[in-house]
Each structure stands twice: as structure tokens, then as C-alpha cells.
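Taking it in order: structure first as C-alpha cells, then the write-up.
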Amino acid sequence: MSQPPALIEYRNVVVRRKGRAVLDGLNFSIGSGENVAILGPNGCGKSTMIKTITRELYPDPAAPDSSLKILGRDRWNIFELRPMLGIVSYDMVQLCTKNYPAMEIVLSGFHSSIGIWPNHVVTEEMEARAREVFGLLEIEHLAERPVDELSSGEARRVVIGRALVHKPKSLILDEPTNSLDLHAVHELRDLMRRIIAQGTSVILVTHHLQDIIPEMRRVILLKAGKVFADGPKERVLSSEALSGLFETPVDVERRDGYFHAW
């Protein structure tokens, strides 16, 4: 039996912005169903990498032997691709923070829009799935609240619901705990664990070591647009590796399945 294609496969990917290689020969592959953390300092190319997945940026075609494949294909109709990967970024949270009810924002995920437009059809099945997602995220009480009146943590959950509503193959979270207080951070980590438990894989992109939940057994370290290290987190999240990644002395401690650095 043939193996299913990788969820995402980067091969020698180069992306230039203002003449500088932000991704500089990026190579890694993530299989379908894998829960992976991608960790790196600010400026290492994490956000640019996300934009290549969303097709906001494209690899340099002049780079030799370069390809970026999603589910085995390097060419996609963007509207066909969007339901397969639920992507939650800071930019998307900002776009969704409008005077629309939370339920409308979540339902708009079916149409790859922000809010429901007059030409959009919302079926009973869509509404049922949206209610199911609200239950998973424990935000039923927010369904009719305008998103721009919610706390940062509540708004983040609504946008995650928008990404989950069409049952994507994987949820990609870009710096999901930025700007959240400690209580909201703990809630979001627990939420990631529940999402994985109900069958959706999670790819976490972050510079916060503590966001890497126990279910994520593999960690990819990015530095200067390249893979700095890749492997089981017990090996990759060492003091030596993280000191080299962040170019500062780092001590690492493991406690209750989480890694902490100082």
C-alpha cells in the first residue's frame, strides 16, 4: 500500500523580500496527522513560511530543485486548498475582530470570507457544525456577542472556530498565545490538547517554548530561514541547541510534560 502524501513538504525553498532571502533553502516535511511545533526567534522566517502555505508568497522559481508541495501537489486553486488547512494567524485575528457576532464569523469559514455576505447560503448542516465547534471550544455563551467586544483570548477562540468549522486536515497556529494573559494562555494550551484529542492534528508556530504541549513530540527549529534542528523534542529542546538558536545562554527544564526555558 502506498504511503499518503506529506501534508506539507518544503524542498530547498527560497523566498526573497526586498532582495533578502527570508527563507534560504528551507527543507522539511510534515506528515498527515503529525502534531509538530516549529520554534524560532523573531525574524527567523516563521511568518514568511506561513504565507507560503496560504499562497500570499511564492518560492523563488530560480532556486535549483525547489518545490513546496501540500498534500502532494505544488499547484492548488486557493479556494480548494483553504478548507483543507485551518490557519490562524495574528493577521487573521485582526481581520476577524469586527462588529459581527461570533457565530457569523465562525460560519463565514465555510465561505472563506469575513462575515456572511448576501450571496452566501448557510445550511442547517453548517449551523449544526458551527454549534459543535462552539461546544468544543467552550464558547457557546459568546455566539451572539460581537467579536470586537470580546477579550483577546475569546476572540482567538472564535477565529480558531472559524478555522475548524470545515473539518480541516490540520490546524496551523501562528504565535497563538501572543498578547494573551496567563489565564488565557493556559486555556489555549488546554484547547490545543482537546483539538488533537478529537482528531485534528496541530502544527504550532511559535517562539515560546512553553506553548509546546505534550502531544507535540517533534520540534523543528528555524534560524535565518533554514532548519537549525529537527527531531524528537527530548533531543531538540536541549540547552545547547536552544542557546545556539537564540544566541544567548538558555537553561531548559522539563516539568509535567512541558519544557521551560530561562
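The values are calculated or read from the model by the stated rules, or taken from the named source; none is laboratory data. These figures come from a predicted structure and were not determined experimentally. Reconstructed Cβ throughout: ideal geometry from the backbone, glycine too, with neighbour counts over all protein chains shown.
Here are the numbers:
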{"read-out": "Within the range 97-126, considering residues that are assigned to a helix (DSSP H, G or I) and touching a Leu at 6+ places or on another chain (Cβ under 7 Å), the one farthest from PRO83 (Cα to Cα)", "value": "ALA102"}
{"read-out": "Selection from the range 67-81 of residues that are basic (Lys, Arg) and either touching a helix residue (DSSP H, G or I) at 6+ places or on another chain (Cβ under 9 Å) or more than 21 Å from LEU204 (Cα to Cα) (or both)", "value": "ARG73, ARG75"}
{"read-out": "Matching entry among ASP65, ASP74, ASP91, ASP24 (being of a type in the set (D, E, K, R) and closer than 26 Å to PRO232 by Cβ)", "value": "ASP24"}
{"read-out": "Residue check, VAL227 of a type in the set (A, V, I, L, M, F, W, C), crowded, with 19+ Cβ neighbours inside 10 Å and within 17 Å of SER29 (Cβ to Cβ)", "value": "no"}
{"read-out": "Residues of the range 177-198 that turn out to be touching a Phe, Trp or Tyr at 6+ places or on another chain (Cβ under 9 Å) and either of a type in the set (Gly, Ala, Ser) or in a loop (DSSP other than H, G, I, E, B) (or both), as a count", "value": "2"}
{"read-out": "Every pair of residues 6+ apart whose Cβ atoms lie under 8 Å, when the first sits in the range 58-79 and is under 23 Å from HIS166 (Cβ atoms) and modelled with pLDDT of 90 or more while the second is acidic (Asp, Glu) and not in a strand (DSSP E or B)", "value": "LEU68/ASP74"}
{"read-out": "Of all residues making up the range 151-170, the number that are outside any helix (DSSP H, G or I) and under 25 Å from ILE8 (Cα atoms)", "value": "6"}
